[in-house]
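To start, the structure itself, in structure tokens.
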Amino acid sequence: MTSQYQREHALRLAAEQRVRELEERGRVNASNSSLPPSANPIGAPRPVTKRPTGRKRGAQVGHRGHARKLIPTEQTDEQVAHRPGVCERCQGDLSGQPGTLVGRHQVAELPARAVTIIEHQSFACRCGRCGAISQGRIPDAIRVSSIGPRLSGAIGMLSAHVQGSRRAVAMAVQQMLGCPIALGTISARERELSEALAAPYGQLVAHVSAARVKNVDETGWPLKGAQRWLFVAATKDAAVFRIEKARNRPALRRLLDGKLSGTFGTDRAGIYDLLAARRRQLCWAHLKRDFVRCLERGDAASAAVGEAGLAICRDVFGLWRDFRARRGRRLTRRQMQTRVRRLQTRMRAMLEPGADSGVKKTAGLCRALLKHEPSLWRFAFVPGLEPTNNLAERMLRPAVIWRKRSFGSDSRAGCVFAQRMLSVMQTLKLRAGAGAGRDGPSTLDYLAAAVTAHRNDTAAPAILPELRAKAKAGAKAKAKAGVGAGAKAAPEPKAKRLRKVA
């Protein structure tokens, strides 16, 4: 009788636990998990609830304007002068009188055909002396493609940055730019651009791998409907992407060419346990959602962990805000470290009882955080490291939109194109946002230069300023050595084997 009662009691406890888990699963939303806001169930609270300020929407009266800047007059294509014909006061003739520029207004317009189409013609001529016929030949470097390097770069940007389908890209090129183009040409230009970016992609992998601080994250990327994973590793000035078959530790190693050096900002995914605790920073934004979920779990032990955890989260974000204050730093790094040690003591005092609470998921969270305790506070001791993984998530956002619009890739070559284009575009965007884009090329300029180098069998342009400076210095040294030794000029590179014209 006692054994039967024990079995029934165990079954009842298991059923109650199952009910709690199902109820908790029904409460999952973007505010307490990694679920994106777009996948929130009906009736879920908004991820960010802001208090109304009472002001109207839009720009406020007296705000600093952000109007479009005028380009220099010498860079405009046409200037139209509006001069007064007669004096406004006495109606006297002002023809021939010198004028002073007092106003400028620029109007941008798209021409009926924005592309320049150059027709290369070959002629045959008969020799008047011997009667032989000689034929002029169009250079192989020109016959490589019917699309120029700059337009090829624009097609790649339309495919990757605007996330349009190939038919949409073809329609934009035809109707907006006025260039007739075949649907297969879009795919051909993507393949060529992917090949042209192979060397710059390798440079980015080496640069990010050697960085002292980097953020890593991953998201799904289907390949013909099969699940694949898009990894990203980002620094302040570069980002590198890679699509892998599985979300595991070997994939993480391949992302960085097997070199897991430096300090990493990550979430709590198990694949990152490969990293030493003192070389890893857990994302506090993810931890905040975990504590919200504890608070919503319902029992007293979980609520205590959730309330204390959210209070510590607020203090951590407040410390970081004061440390990063723009107008006069309110906290030095040493002061921040002192306060972090106090928070560390509070965190441990909250996690240790929570680990013995008896609530399965709450206790599991507390034990996991105790295990990775050094990874909670590395941001206070490592320059350049942040308490959240926001950088990697911002780098992934355009890729997620691309995935939702295109449903991933249909071939391995498409995956390679995606990872290389994302790496180059996001790197150039990071450098422009950091103020380093003034002395570097725009995305379209860089893609055009890469395609030109690929067609001429020359080295691709370096994507990072330090690599560009090194390449220029090496070229100058070679030129100087060649002049000093009286060497002959280097022969022109042989034209690339003629590929099928798209």
Some residue of the range 242-264 being outside any loop (DSSP other than H, G, I, E, B), among the hydroxyl-bearing types (S, T, Y), out of contact with any helix residue (DSSP H, G or I) (no Cβ under 6 Å at 6 or more places or on another chain) and farther than 21 Å from L464 by Cα
no
The conditions are (1) out of contact with any Leu (no Cβ under 7 Å at 6 or more places or on another chain); (2) at pLDDT 90 or above, and S357 fails exactly one of them. Which is it?
(2)
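Quick grid of which residues meet (1) under 30 Å from R137 (Cβ atoms); (2) modelled with pLDDT under 75; (3) surrounded by 15 or more Cβ atoms within 10 Å (Cβ to Cβ); (4) under 22 Å from the mean Cα position of the chain (by Cα):
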| residue | (1), (2), (3), (4) |
| --- | --- |
| G414 | no, no, yes, yes |
| Q419 | no, no, yes, yes |
| L422 | no, no, yes, yes |
| A449 | yes, no, yes, yes |
| K476 | no, yes, no, no |
| A495 | yes, yes, yes, no |
| R499 | yes, yes, no, no |
Unique residue being loosely packed, with under 10 Cβ neighbours inside 10 Å, at pLDDT below 85 and assigned to a helix (DSSP H, G or I) when the list is R68, R18, R25
R25
Residue that is nearest to A392 (Cα to Cα), among those in the range 258-286 that are hydrophobic (A, V, I, L, M, F, W, C) and free of Cβ contacts under 8 Å to residues at least 60 places away in the same chain
F264
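In this structure, is L343 more than 32 Å from the chain's Cα centre (by Cα), surrounded by 16 or more Cβ atoms within 10 Å (Cβ to Cβ) and under 20 Å from E373 (Cβ atoms)?
Judged against the criteria, L343 is a match.
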Out of curiosity, is E386 in contact with a Gly (Cβ under 8 Å, 6 or more places away or on another chain), closer than 20 Å to A277 by Cβ and among the acidic types (D, E)?
yes
Report the residue count in the range 337-361 for those that are under 15 Å from R378 (Cα atoms), of a type in the set (S, T, N, Q) and in contact (Cβ under 8 Å) with a residue 40 or more places away in the chain.
1
Screening A251, A239 for residues that are touching an Asp or Glu at 6+ places or on another chain (Cβ under 9 Å) and either without any contact (Cβ under 8 Å) to a residue 40 or more places away in the chain or within 17 Å of L430 (Cα to Cα) (or both) leaves only A251
Exactly one of (1) surrounded by fewer than 17 Cβ atoms within 10 Å (Cβ to Cβ); (2) under 20 Å from R293 (Cβ atoms) is unmet by R333. Its number?
(2)
Hey, could you check the range 316-336 for residues that are among the small types (G, A, S) and outside any helix (DSSP H, G or I) and say which is modelled with the highest pLDDT?
A325
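Only residues that are of a type in the set (G, A, S), assigned to a helix (DSSP H, G or I) and within 26 Å of A246 (Cα to Cα): list them for the range 270-315, please.
Taking the range 270-315 as the starting set, the residues that turn out to be of a type in the set (G, A, S) are 270, 276-277, 285, 298, 300-304, 306, 308-309, 311.
Remaining after also requiring assigned to a helix (DSSP H, G or I): 270, 277, 285, 300-304, 306, 308-309, 311.
The answer is G270, A277, A285.
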Taking the criterion of being within 30 Å of K288 (Cα to Cα), modelled with pLDDT under 75, assigned to a helix (DSSP H, G or I) and polar (S, T, N, Q), would at least one residue in the range 47-65 satisfy it?
no
Quick check on the range 83-114: of everything there that is of a type in the set (K, R) and farther than 30 Å from I181 by Cβ, which residue is surrounded by the fewest Cβ atoms within 10 Å (Cβ to Cβ)?
R89
Taking the range 199-211 only, how many residues are surrounded by fewer than 18 Cβ atoms within 10 Å (Cβ to Cβ) and under 18 Å from the mean Cα position of the chain (by Cα)?
2
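The values are calculated or read from the model by the stated rules, or taken from the named source; none is laboratory data. The structure displayed is predicted, hence computed values, not measured ones. Cβ atoms come from the backbone with ideal geometry, glycine included; neighbour counts cover every protein chain shown.
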